[in-house]
Amino acid sequence: MQVVKYVFQPHGDDRGQLVALEEFRDIPFRIKRVYYMYDTVAGVVRGHHAHKSLEQILVCIHGSCKVRLDNGREKKIVPLEKPYEGLYIPNNIWREMYDFSPDAVLMVLASELYEEADYIRDYDEYLKYIQSEEQLMNVEEKV
Ligand code: T46
């Protein structure tokens, strides 16, 4: 599985750092929603789901956390610990966020508005879903 991590350009000067994120320049999609999580309780694992269509970029703008990505065949663990790094998560990837530092603020830029119907929250259902998606792709490639 290829993990795509963006390294954003910090605009630093003697006052400190500033990162600016613009859709289609720094972010590969139109940003329709921004949300963030903080005060995450020690030991908590968030996520446990995949999205059928949603694309996102996760930026740990303060503190640190880890993200486990799973495409049904392979798992990868990605640490997020710099406010200028963004983890791109395309659709159809199971994700879990964990190991949050007490001061962690995880900001997420999303390509779509909140839509519960886009979530797959059951892992077995996820595996079946991606298999059917792959079969569909194979059929489309042969046509
Ligand atoms: C994802 C990971 C990285 C809303 O009302 N609007 C929103 O935009 C979001 C994201 C959540 N909510 C509500 C729904 C739940 O009642 O906030 C509550 C917590 O959401 P959830 O349990 O889905 O949070 P996480 O941390 O498990 O997952 C979130 C995103 O939902 C998800 O899309 O990829 O962060």
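Each reported figure results from applying straightforward, stated rules to the coordinates on display, with no laboratory input. Being a predicted model, the structure only gives us computed values, none of them experimental. Cβ sites come from the backbone with ideal geometry, for glycine too, and all protein chains shown count toward neighbours.
Reported count of residues in region 118-138, each being touching a residue at least 24 places away in the same chain (Cβ under 8 Å) and not acidic (Asp, Glu), is 9.
Candidates 24, 8: the one that is loosely packed, with under 11 Cβ neighbours inside 10 Å and more than 16 Å from the ligand (Cβ to nearest atom) is 24. One residue alone among 19, 67 is touching a His at 6+ places or on another chain (Cβ under 9 Å) and surrounded by 15 or more Cβ atoms within 10 Å (Cβ to Cβ), and that residue is 19. Selection of region 30-61 for residues being within 17 Å of residue 95 (Cβ to Cβ) and touching a residue at least 60 places away in the same chain (Cβ under 8 Å) yields 33, 35, 36, 37, 40, 48, 49, 50, 51, 52, 53, 54. Counting the residues of region 126-142 that are acidic (Asp, Glu) and surrounded by 10 or more Cβ atoms within 10 Å (Cβ to Cβ) gives 2.
In the set (1) surrounded by fewer than 17 Cβ atoms within 10 Å (Cβ to Cβ); (2) over 30 Å from residue 132 (Cα atoms), the condition left unmet by residue 40 is number (1).
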